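Accompanying notes for the structure given below.
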Amino acid sequence: MKYTRIVVVHYGGPDALRVVEEECPEPRAGEVRVKVLAAGVALPDVMAREGTHPETPLAPFTPGWDLIGEVDQLGGGVSGVERGQLVAAMPIHGAYAEFVCLHRRELVPVPPGIDAAEAVALVLNYVTAYQMMYRSVHVKQGQRVLIHGAAGGVGTALLQLGHLAGLQMYGTCSSSGSSAVAGTGCVPIDYKSQDFVTEIHRLTGDGVDAVFDPIGGTHLWHSRRALRAGGTVVGYGLVSSLRGKELASKRPGHRQRFRGTAIFGLYMAASRLLPERKRIVPYSIQTLKRLKPDLFRQDLIALLKLLQQQKIKPLIARRMPLVEAGRAHELLGQGGVIGKIVLLCNEPWPELAQPSPEAL
Ligand SMILES: NC(=O)c1ccc[n+]([C@@H]2O[C@H](COP(=O)([O-])OP(=O)(O)OC[C@H]3O[C@@H](n4cnc5c(N)ncnc54)[C@H](OP(=O)(O)O)[C@@H]3O)[C@@H](O)[C@H]2O)c1
């Protein structure tokens, strides 16, 4: 049987993505072949394509951090799952494909009756938001938080979970995202025309209890200035390393692991030395999942339950066919995307001609 997957043939721009058709993989002992229904598109995928994310595999590779799919075939010795069962997984790469083979322990059961595109938004974005709120900071009702990139994938997840938790929220976004941000009860701050530190102190007086910062670099220190005494900045990304469609570093393949970690370590140490008990702490979903896989599973199951109970509703910016992965990366790289772009990997798209390898 043939199947289609997307391959990053070399580190670089969206044109480094190719549609490839080849023989479908067979699951090995302990593995399950999953028919992918939805794969999330996120900035970590874009950074992996550029070769700058710490988790980037060697090219060529298939990108895709997260997926929702159906159990298709069981490898030897696998029990506890059935063909046709809905599952979620975060393989970090490999999800941009019609089928993928994963170890049984990677699979988290998904309750029936849930939209696959909405569910896939939970795996990377909502687990990140949830763990930062409840495992890094332990937010409490009525506390003030500042959410940077509030209209983005993780940002909109923080907004919805923050609304549920009864937080007072302030969020930076560009003007196109302000109504979506305000819709969750968050006060939008246009990061392109306003200084967020001045705005936060004008609106709150002494500052916020927590800042969620995916921008990174020197931005972390500005975020610290928006804190009240005893507050915490959670740093979790490097949006500042990407400018529009181009890479800010202009060095594809150059991983940010060491430089990013060094800057972070410096800020964490400096913050501890200064008075006011303000902390800067890092968060990494993949590190926490490796150290404590049960927490990832437990938190994702809790979020799937909230989705099933309709207490959260992920904002899906676009649903696109798998073969348009390159276009999806272009859109995300250009900015202004509100919510999550999702690739639907096994849907018939009547308006699409048979994909050719040159489709991207
Ligand atoms: N540590 C972890 O475990 C973890 C997990 C998931 C994601 N991440 C990281 O989190 C970051 C965000 O990922 P994502 O998928 O949510 O990306 P996304 O959907 O593209 O969202 C990024 C948002 O940031 C906004 N933005 C850009 N520059 C900004 C600035 N200077 N100030 C405020 N907002 C700004 C963008 O707004 P405009 O487009 O309107 O400019 C966009 O809405 C990435 O760096 C990713 O690697 C980390």
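The values are calculated or read from the model by the stated rules, or taken from the named source; none is laboratory data. As the structure is a computational prediction, the values presented were derived from the model and not from experiment. Reconstructed Cβ throughout: ideal geometry from the backbone, glycine too, with neighbour counts over all protein chains shown.
Residue-wise test of (1) assigned by TED's automatic domain parsing to the domain that holds Gly153; (2) farther than 20 Å from Val127 by Cβ; (3) not in a helix (DSSP H, G or I).
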| residue | (1), (2), (3) |
| --- | --- |
| Glu22 | no, yes, yes |
| Glu26 | no, yes, yes |
| Ala39 | no, no, yes |
| Val46 | no, no, no |
| Arg49 | no, yes, no |
| Thr52 | no, yes, yes |
| Glu55 | no, no, yes |
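Condition check ((1) buried (at least 21 other Cβ atoms within 10 Å of the Cβ); (2) within 16 Å of the chain's Cα centre (by Cα); (3) at pLDDT 95 or above) across all residues:
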site	(1), (2), (3)
Leu273	no, no, no
Ile285	yes, yes, yes
Arg290	no, no, yes
Arg318	no, yes, yes
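Among the residues of the stretch 151-168, what is the count of those that are touching a residue at least 24 places away in the same chain (Cβ under 8 Å) and away from the ligand (no atom under 14 Å from the Cβ)?
The total comes to 6.
Among the numbered criteria (1) of a type outside the set (Ser, Thr, Tyr); (2) surrounded by fewer than 22 Cβ atoms within 10 Å (Cβ to Cβ); (3) near the ligand (Cβ under 8 Å from one of its atoms), which one does Arg135 miss?
(3)
Filter the stretch 199-211 down to the residues that are surrounded by fewer than 17 Cβ atoms within 10 Å (Cβ to Cβ) and either touching a Phe, Trp or Tyr at 6+ places or on another chain (Cβ under 8 Å) or among the charged types (D, E, K, R) (or both) and list them by number.
Residues satisfying the conditions are Arg202, Leu203, Asp206.
Please indicate, with yes or no, whether at least one residue in the stretch 48-68 is over 23 Å from the mean Cα position of the chain (by Cα) and either surrounded by fewer than 20 Cβ atoms within 10 Å (Cβ to Cβ) or more than 16 Å from the ligand (Cβ to nearest atom) (or both).
Narrowing the stretch 48-68 to residues over 23 Å from the mean Cα position of the chain (by Cα): none.
Among the residues of the stretch 48-68, not one is over 23 Å from the mean Cα position of the chain (by Cα) and either surrounded by fewer than 20 Cβ atoms within 10 Å (Cβ to Cβ) or more than 16 Å from the ligand (Cβ to nearest atom) (or both), which makes the answer no.
Could you tell me whether any residue of the stretch 80-91 is surrounded by 24 or more Cβ atoms within 10 Å (Cβ to Cβ) and more than 23 Å from the chain's Cα centre (by Cα)?
Within the stretch 80-91, none of the residues are surrounded by 24 or more Cβ atoms within 10 Å (Cβ to Cβ) and more than 23 Å from the chain's Cα centre (by Cα).
Would it be correct to say that Cys173 is over 30 Å from Pro27 (Cβ atoms) and within 12 Å of the ligand (Cβ to nearest atom)?
Criteria met by Cys173.
Can you tell me which condition Gly77 does not meet? The list is (1) free of Cβ contacts under 8 Å to residues at least 60 places away in the same chain; (2) touching a His at 6+ places or on another chain (Cβ under 8 Å); (3) farther than 22 Å from Val123 by Cβ, and all the others hold.
Failed condition: (2).
Please work out which one of (1) exposed (fewer than 15 other Cβ atoms within 10 Å of the Cβ); (2) within 16 Å of the ligand (Cβ to nearest atom) is the condition Gly335 fails and give its number.
Result: Gly335 passes all but (1).
Quick one: would you say Ala38 is within 16 Å of the ligand (Cβ to nearest atom), over 19 Å from Cys101 (Cβ atoms) and crowded, with 23+ Cβ neighbours inside 10 Å?
Answer is no for this residue.
Within the stretch 114-150, how many residues are part of a loop (DSSP other than H, G, I, E, B) and either touching a residue at least 24 places away in the same chain (Cβ under 8 Å) or in the same structural domain as Ile280 (by TED's automatic domain parsing) (or both)? Before the answer, list the steps.
If we filter the stretch 114-150 for residues that are part of a loop (DSSP other than H, G, I, E, B), which is where we start, we get 114-115, 138-143, 148-150.
The next check asks that each one be either touching a residue at least 24 places away in the same chain (Cβ under 8 Å) or in the same structural domain as Ile280 (by TED's automatic domain parsing) (or both); those that pass are 114, 138-143, 148-150.
Final tally of qualifying residues: 10.
May I ask you to verify whether Gly113 is surrounded by fewer than 19 Cβ atoms within 10 Å (Cβ to Cβ) and out of contact with any strand residue (DSSP E or B) (no Cβ under 9 Å at 6 or more places or on another chain)?
Here the answer is yes, as Gly113 does meet what is asked.
So which residues in the stretch 212-242 are surrounded by fewer than 23 Cβ atoms within 10 Å (Cβ to Cβ), of a type in the set (Gly, Ala, Ser) and in a strand (DSSP E or B), if there are any at all?
Ala229, Gly230
Restricting to the stretch 265-306, what's the tally of residues that are within 13 Å of the ligand (Cβ to nearest atom) and not aliphatic (A, V, I, L, M)?
Count: 9.
Got at least one residue in the stretch 193-211 being part of a loop (DSSP other than H, G, I, E, B) and within 11 Å of the ligand (Cβ to nearest atom)?
Looking through the stretch 193-211, at least one residue is part of a loop (DSSP other than H, G, I, E, B) and within 11 Å of the ligand (Cβ to nearest atom).
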